[in-house]
Every structure is written in structure tokens, then in C-alpha cells.
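Please treat every number below as a calculation from the coordinates, not as lab data. Note that the coordinates shown come from a computational prediction; the quantities given were computed from them, not determined experimentally. Note: ideal-geometry Cβ built from the backbone for every residue, glycine included; neighbour counts use all protein chains shown.
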Amino acid sequence: MKGILKKISQINFGLMSPEDIRKMSVTKIVTPDTYDEDGYPIEAGLMDPRLGVIDPGLKCRTCGSKGGDCQGHFGSINLARPVIHVGFADTIHKTLRSTCRSCGRVLLDNNEIKNYHEKIEKMFKNEESVNNLIKEIYTVARKDKCPHCEEEQEDIKIDKPVSIVEGNYKLTPSEVRERLEKIPDEDSLILGVNPKVARPEWTILTVLPVPPVTVRPSITLETGERSEDDLTHKLVDILRINQRLKENMEAGAPQLIVEDLWELLQYHVTTYFDNEASGVPPARHRSGRPLKTLAQRLKGKEGRFRSNLSGKRVNFSARTVISPDPNLSINEVGVPEIIAKEVTVPVYVTEWNMEEIKKYIQNGPKVHPGANYVIRPDERKIRIYEETKDTVIEKLEPGFIVERHLKDGDIVLFNRQPSLHRMSMMAHEVKVLPYKTFRLNLCVCPPYNADFDGDEMNMHVFQTEESRAEAKSLMRVQEHILSPRFGGPIIGGIHDHISGAYLLTREGSIFREEEIFQMLKHAKVPLPKKTGKNWTGKQLFSLLLPDDLNVVYRAEICRKCDECLKKECKNDSYVVIEDGVLKSGVIDDKAYGAFSGKILDHIVKEYGTDRAREFLDSATKLAIAGIMKKGFTTSTNDEEIPQEARERIEELLDKAESRVERLIEAYKNDELEPLPGRSMEETLEMKIMQVLGEARDKSGEIAEIYFGMENHAVIMAVTGARGSMLNLTQIAACVGQQSVRGGRIKRGYSERTLPHFQKGELGARARGFVHSSYKQGLDPLEFFFHAMGGREGLVDTAIRTAQSGYMQRRLVNALQDLSVNPDRTVRDNRGIIIQTMYGEDGVDPAKSDYGKVVDLDRIIEEIRIKSSK
Amino acid sequence: MKKDILKHELVPDHVILSKSDVQKVIKELNIHLEQLPKIKPDDPVVKEIEAKPGDVLKIMRKSPTAGKFVTYRLVLE
């Protein structure tokens, strides 16, 4: 490390006195111009060379260091008349309100002053915050008569942002300053201004510091034109008005003109500090764009704090569109060759890797496993060119560092925004591939919440051995299969993996041995000995399971019958795996799907992450091989139901509608029995909703009769691969009730939703019940109601993301320094205890069984299987 | 009419620890007294059981994860 390490023991915040500003200033700035005709900076102008240098070649006239090393020097502008600093306008107002207008003492009697003094001293000693006490003093110290000189006090108001009005007279900044000057040091302390670091009158500017040019660099456009920074523009304005004000005052211009110019100077200085101060029209650039002045540079998401200090731009990173590649392992990421040649890994040259590294340099920066830079032990960085690579190789010695291209097997960090949980940044192994997109295994889509409709992701290359080692053991994808959110797998099979596994393992799925071997080859699984017999899909899948695996669970396709037939389940949904053999049941979402995979969960917890990665890689590939063998497609034909079913559904809906009519009739005749705690209207609404809900479900059931397990859409819905039965019945049978604000639609026109209905009509159609199915098509009224419901959904998601984003930010800020210690206490960075036991039970949810400490059912089942042997 | 807040089902048991118990807790957690979680002296329970600033309270509450959980709090000044 270069430089001297020092520990900060204290930071003082105070105000700068005019003397401080002058002392700090290297030059007075007088001329509002920046450069002369020849393009040289004008002396005493805003670009005065004494304010520092930017060009690396030049030496600074003030400090003598070269450009880049010189951090710049402040100048100053003597203001012709004092102006109020916007940031302190409130403080000035409060101070004036609490001090005497003639003698400048604080409006408290001697007793109170003594009292508060003691309190403040004590709090200083205890290093407590005095903010609340000061706030209290400001409310107490308001009297009509000064206790010291008996002067009657006038009411002082603030006219935002900077005008201070006493009675009907507007005080000039000079008058304000005079009053503040009169406040004795002892009284200023009580008013919250520590005389050791500040004086109240310093809140009124008589001299303005001019920041060095390094803070407001000018840009030279391609045309050779110079473009100045916003701050420089603002300072030019200030100087111009200041000059005019001075000239007018010296010429003895009328009071009115001077005052006008003074106001204008105040405006410019105000907007120089804050161009978004309330009550002031923002100063604008010639193009009409508001200027970005001091406060705007710091504030908000794009401000200095959030954009440059809390977060920074980094080197050795890449970003591009992502696309899927089922042939990669979940641990891998496909990196385009163009990127691999740009981002590099520093490698120390040793005797043992000399030859290898020479090869990289020989390849140069343009051929893939090449190198871009060589860093000598004296920290000189030499770029490798086609022409220079031979001389570089000659000079290469152990101890050099070579920045070589990214190559297969390197560890990189892969990330997709928004990074909401730790699985949003995982370490992957590089696989350099052609074309221009990052490639990733489909199983890692759920943790990143990625899809391939144009999503982009970022990649970062580790630059030290330590970071690589740490990432490899803590951040690798396989270490994150189990989510700490619910103690189950978050990485797992999706979509076709699930449908494919179902097609393979369902009852009656039999293959010839050649087919089996083809699929195993595709899944890159070692081939077993030939048997010459046909295989079932279950036998095939068993090859992937660990030999001593024992799991029993109910599959996703389980119908939740009243009495479970267990192994005799006619849906084949009771999964039994004994000693790594799938005895019964089908493989679906519950087996190895993301968020719910039981077998996967078991393998991670019992056999470790390596085995789990292996299983997941081969199982997904096998499922894909299987789905390709069988063929899988879906279209609206899958939601076709016969005419007879249509008629039955229509009949059902008609009946439901007449039941609704009867309910409305009963309501109108006051015959409705209100539910407990509900009004008549609410009761009616609830009953109607219930009837219509039932009607939709019933119509769905009718449609479902015609949906067999040969139907691909149904397979996807039932196995949990994609979509739901509700989706299908809405397409085939009936869309059902549309809702806005959690109830039937009732807004729109007065007492009716649309002018097609009677006022006060309560029937099913009039309140947004959609009889049609998506496949039939919605009639115009239904379509409109459907759009209403859809709009609400969109608005809700938009609001929810904004709200939860803000909540997340607050939470992260509050919790960022907390950590779990080896003794399982949770502490912050000062060692203060937050919890004496993490989560009160000391359990890591990622290593628990779905959040519980122990899954007794599972343990019992395991023991039962073991003992029965 | 005054209700006994200590009997309310949402108020966990608070006990003032003796000096020796405090030492034991501090040793067990390997901390300074000031590193304990705090409780305000105007906390209703603190007033009810008449704990003094500097006392350490042992709080036993129900926990959805651990069943029963014990924590400690230092009464502030």
C-alpha cells in the first residue's frame, strides 16, 4: 500500500468564515470571461491557471505538481453586497426569531440561559446529540419583549426561499448580517452555533469560494468548440451581476436599481448552490435544460453519494444479452470470444508456467487464448502488440504479471439486476463460445429470475487468487441450489425438463434398448451393460439416482384423494424410491423442479452439492432427450371440447345466472338473510360472487372431463411444468368474473358500469361476469370488463415493485453491517448484540428442512426403510 | 381502573437480574455490558417492575422458531 495510514478520531463540521475563504483562495476572480481569443485562460478569470491544471503535461502554477496529481485550488469572488446562503435561510430565520432585534441577546432570561448552558455542557461531555434540546430552545426563546434590554420584538417571517421579513419591512442581507453579528458567543452556543467552529453571521456570504477547475472541467467538442461546465456558467452569471452591481453602486445609481441588481445577485448565488430550491425558478441553460448546480451534483440516485461513493463503475466487467444452452452445466457460463479477449485475468509468471504464458503472448491480443498486457515488477504496464510480442517474450521473467485472456475453467461472477437476494450474484466457470451472447443453463433461470426475451446480464472477472478461492467455495452455483428463503431447492428443472421427465417415467412408457442408449448418450451418462430387453422410463431414470437413495413423497400430479392408496395409486402419483430405484410414481415438478424438488433437495442434503449438480445436469439432459424422443407440442386444439360439453356449460351458466337473478329478487324483496357482521348489500355481493365462482369452477370441471393425460397442455398444467388447470379451463370453458378492487366491477357510469345496462342493475353480465371462453372469444362488453381487470393487475404490479424496492433499500441500509458470529450471536459492526441467538433458534434456513430444524416425518420414514431391510 | 400489563398475553416475562447473574450473562456472551440490547427507562414494563437504569432484564418470550427464547436488555438512563 502506498501512502500513510491514519485513523480518523474526530470530524468537525463548521462554517467557513470570510477570512478562511480568502485565506484558502489563491486568486481573486474578477472577470466573467474564461478564455481569450487565442484560447488561453484569462488571468483573474474563471479558468485562471492558478486554480489548478488538468492537462497531464503541464505543471500547476500554485503547487508545482503535475496535472492529475494536483487536486486544484480554490479562488474567491468578493461580493459587492452580502447575500444569504440558501442552505442556511431556515437557520437564519430561526436565529433572528429567537434573538433581540436591538441588543442581539437570545430571548431568554439569565436563569434560563444558565440552565441551558449547563445542560449543553453536560451533553457535550456525554457525547450526546443536542439536536432535540436546541429544537426545544428555539420554541422557548420567543418573547414579545427582550428580557435584557426591554426592547419590543417584532414578528419575523421567512418568505421562501431567502427573503426575511420583519413586520412589513423586508430586511436586506446586510441588515440581517448586522443583527447576527451582535449575537454574543455565549448566546450563539445556546442557539446551536458552536462559536469554536462557526459564527451566525457566516451564514451570510460576503465572499464566495470559487471551486478549482478540476471540479468543473470544460469539454472540447469534436468541432474544436469549448463547452463549459454548468457550475462555470453559473459563476459567470454571478460575476457579471456582481460587476454591474459594483459599478452601479460606485456611480451612485438610484437605490431602486441597486436593489434590483442585489436581488438578481441573490438569485444567482441561490441557484448556484441549489437549482431546485422551492420558490425560485430554476436557472436554465441556453437549450432550456435546467442547470446542474452544487446541490444537484450530490442529491439523489444519480448524485455523488449514491452513484460515485456507495457504488462505482468497475473494470474487468462485461454485459450482454443472455440466451439458453442446455448443454452447459449449471456451474458454467458461456462467454463470447470477443468478451473473453477483452476482459483479462492477471497471472504471476513463474518458472513453471513460463512456457504456457509465452504461448499466450505469442498469440497476442487478437487470437483467443492470448494476452493483452504485461506488468513488470516495477509496476510498468506494457501493452502487447502484434509487432512487439516477440520482444516482450524475450524480456519475460518470473515475477512479471501477465494479463491473459479469459479461458475455459476461469471463475467469474455473474449477475442479473435487480440483485434482490444472494442468488442474484453467483460464481460460474467460464466456457468460451462463439457468437455474442452469454449462455447459461436453464436451471439457473429461477434464482436470477431470468428469461431470454432480451434480458442482459453482467459478468465480473476476479483479479486476485483470494477472491477466486472465496468465490469458488462460497458463491458457486451448486452451493446455491438450496435457498435460504425456504430451505428447499431454488435451482432445478423448469418447463420442458418437467414435461420430459413425466413423459419418460409415466406408466406404460417403454423403450427399446437402442432408444435408451441414445438418450443416455445425449445425457452424457455412462452406458450400462446391454440386456437385450426393453426398458421402462422408470428404470432409465433410476440410473441417475444415487445407489442408496430412499425417498417417498407425493408427486405434483397427486389428486389429493380422500383416501390415499399409496403405492397402488391409479394416477401413479405416489413416488417411492428405494435404494436408488424408482419403484413407483412419476417424476414431475415435485421431484426436481425449481422451488419444490424433493429428490433434488434430498440429494443436496444427503450427498452434497457436487452430486446434486451432477444429478441435475444429467436429469435435465435426459428429460430433454426424452421429450425429443416422444415429441411435445401444444396448440389451441388442446383446449378443444365437444359441442355437447359447450351446451352443458352454457346450460350451467344460464342456471347460475338465474340463481343470481333470484338472489337479487330476494334482496329487493328484503327476503335475504344477512350473513353475520355484513350488511344486506355485502351479503348479496358475497352470495353472487360465490354462485358465479362455483359456476366457473363447475364449467371448468365439465371441460376437464375431456382433458386426458394424452393432452400436452394438460400434461404441462398437471405436472407443474407450465400453466395451470385454471388457465386451460379459462381458454376452453369460461373466463369467469372480472374484478376491480377485490370485488365485482361497479365503477364507470353513474350507478352502472356501462350505458348498455339499466341504472342499478346487479346481474352477472352487468357487473363483469365473462361467460365466454378465451377460445370462443369475448363479446365487446366482456372484453371491456376484462381490460378493466387486466389494467388493475398491471397498475398493481407497477406500484408493488416501486414500493418493495424502496422497502428493500431501507432494509439493506439498516441491516448491512449485521453478521452472525461463531457463537451464533447476531452483532453489528460495533459488536453490539442484536440477537443472542440467530433467528432465536440458531438454524441456517438454507441447511434446514423447509425452514424447520428437523423434518421428523422424513427421519422416521428413513429409519422405517432402513429397518425393514 | 388499572390493568396489570404484566399479565397481558403479549407482554413477555421480564425479570431483573442480580449482579452475579449479570456477570454470568456477560461472561457467557463474551461482551461488555454496553453491548447488550437496550430498553428505555420509560418502557411500561420497566416502570411496572421498577427496574433502575443500569439493571439488566432477562426477557423470556415465545418464539415461532425456537418455542421459547431468552434475551437480555440493559435499562438505559
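Take every pair of alpha-carbon atoms less than 8 Å apart whose residues are at least six positions apart; their mean separation over the length of the stretch A:83-203 yields a relative contact order of 35 percent.
Find the all-direction average of the projected area of the Cα convex hull for the stretch A:351-468, expressing the result in square nanometres with one decimal place.
Values: hull surface 36.5 nm².
The number I arrive at for the stretch A:351-468 is 9.1 nm².
Since only A:516, A:592, A:612 are under comparison, the one whose Cα sits farthest along the positive direction of the charge dipole of the stretch A:496-630, derived from C-beta charges on Lys, Arg, Asp and Glu, is A:516. With a threshold of 32 Å on the Cα-Cα distance, the over-threshold entries among B:3/B:38; A:590/A:629; A:6/A:182 are A:6/A:182.
Set the Cα radius of gyration of the stretch A:47-153 against 2.2 N^0.38 Å, with N its number of residues, and you get 1.78.
Between residue A:562 and residue A:115, full extension at 0.36 nm per residue minus the direct alpha carbon distance yields a gain of 153.1 nm.
Estimated at 0.36 nm per residue, the fully extended path between residue A:305 and residue A:746 surpasses their Cα-Cα distance by 154.0 nm.
Let me know the charge dipole size of the stretch A:453-504 about its Cα centre in debye, to the nearest 20, where only the beta-carbon of Lys, Arg (+1) and Asp, Glu (-1) is charged. Let's see the in-between values first.
Details: 4 positive and 8 negative charges, 52 e Å.
Value, rounded to 20: 260 debye.
For the stretch A:189-284, the alpha carbon convex hull comes to 173 Å³ per residue, rounded to a whole number. Quick one: check the C-alpha center-to-center distance for the stretch A:623-645 versus the stretch A:121-174, whole angstrom. If we compute the Cα centre of each part, the gap is 79 Å. Here residue A:387 and residue A:289 are evaluated by their C-beta separation; at R0 = 41 Å the FRET efficiency comes out at 0.30. For chain A, relative contact order (Cα pairs under 8 Å, six or more residues apart, normalised by length) works out to 8 percent. Overall shape: oblate for the stretch A:496-630, with the ratio a/c of the largest to smallest alpha carbon gyration tensor axis at 1.5 or above and b/c at least equal to a/b. Of the residues A:328, A:49, A:350, the one whose Cα sits farthest towards the positive end of the charge dipole of the protein assembly as shown is A:350 (charges of +1 on Lys and Arg Cβ, -1 on Asp and Glu Cβ, taken about the Cα centre). Taking Cα centre as origin and charging only the Cβ of basic (Lys, Arg, +1) and acidic (Asp, Glu, -1) residues, the dipole magnitude of the stretch A:496-630 rounds to 340 debye.
Think of the stretch A:636-795 as having a plus end and a minus end, set by charges on the Cβ of Lys, Arg, Asp and Glu; of A:788, A:714, A:769, A:788 sits farthest toward the positive end of this dipole. Applying both filters, DSSP loop and at most 13 other Cβ atoms within 10 Å, to the chymotrypsin sites (Phe, Trp or Tyr not before Pro) of the stretch A:728-782 eliminates every site.
Treating the beta-carbon of each Lys and Arg as +1 and of each Asp and Glu as -1, no other charges, what is the dipole magnitude of the protein assembly as shown about its Cα centre, to the nearest 20 debye? Walk me through the intermediate numbers first.
On the way: 141 positive and 145 negative charges, 278 e Å.
Using only the charged Cβ atoms, the result is roughly 1340 debye.
Restricting attention to the stretch A:317-480, the count of lysine pairs at 8 or more positions apart or across chains with alpha carbons under 13 Å apart stands at 9. Taken over the alpha carbons of chain A as equal point scatterers, the Debye sum produces base-10 log I(q)/I(0) values at 0.05, 0.06 Å⁻¹ of -0.53, -0.74.
Would you calculate the volume per residue, in Å³, of the smallest convex hull containing every Cα atom of chain B? Write down the numbers at each step before the final one.
Values: hull volume 7.5 nm³, N = 77.
Dividing the Cα hull volume of chain B by its residue count gives 98 Å³.
With a simple spin-label model that places each label point 7 Å from the Cα along the Cα-to-Cβ direction, the separation between residue A:157 and residue B:15 comes to 6.3 nm. Evaluated over the stretch A:74-179, the count of Lys pairs having alpha-carbon atoms less than 23 Å apart is 27 (only pairs 8 or more residues apart or interchain).
When restricted to Cα atoms, the stretch A:571-713 yields an Rg and a Dmax of 24.3, 71 Å, respectively. Taking a straight Cα-Cα cut-off under 21 Å and skipping sequence neighbours fewer than 8 places away in the same chain, the lysines within cross-link reach of residue A:312 are A:292, A:299, A:301. Scaled against 2.2 N^0.38 Å for its residue count N, the alpha carbon radius of gyration of the stretch A:551-639 is 1.22.
Mean shadow of the stretch A:83-203, computed from the convex hull of its alpha carbons, in nm²?
7.1 nm²
In the protein assembly as shown, helical runs assigned H by DSSP with n ≥ 4 each contribute -39500 (n - 2.57); averaged across all residues and rounded to the nearest 500, the mean residue ellipticity at 222 nm is -11000 deg cm²/dmol.
Available extension along the chain between residue A:643 and residue A:376 is 87.9 nm, counting 0.36 nm per residue and deducting the alpha carbon span.
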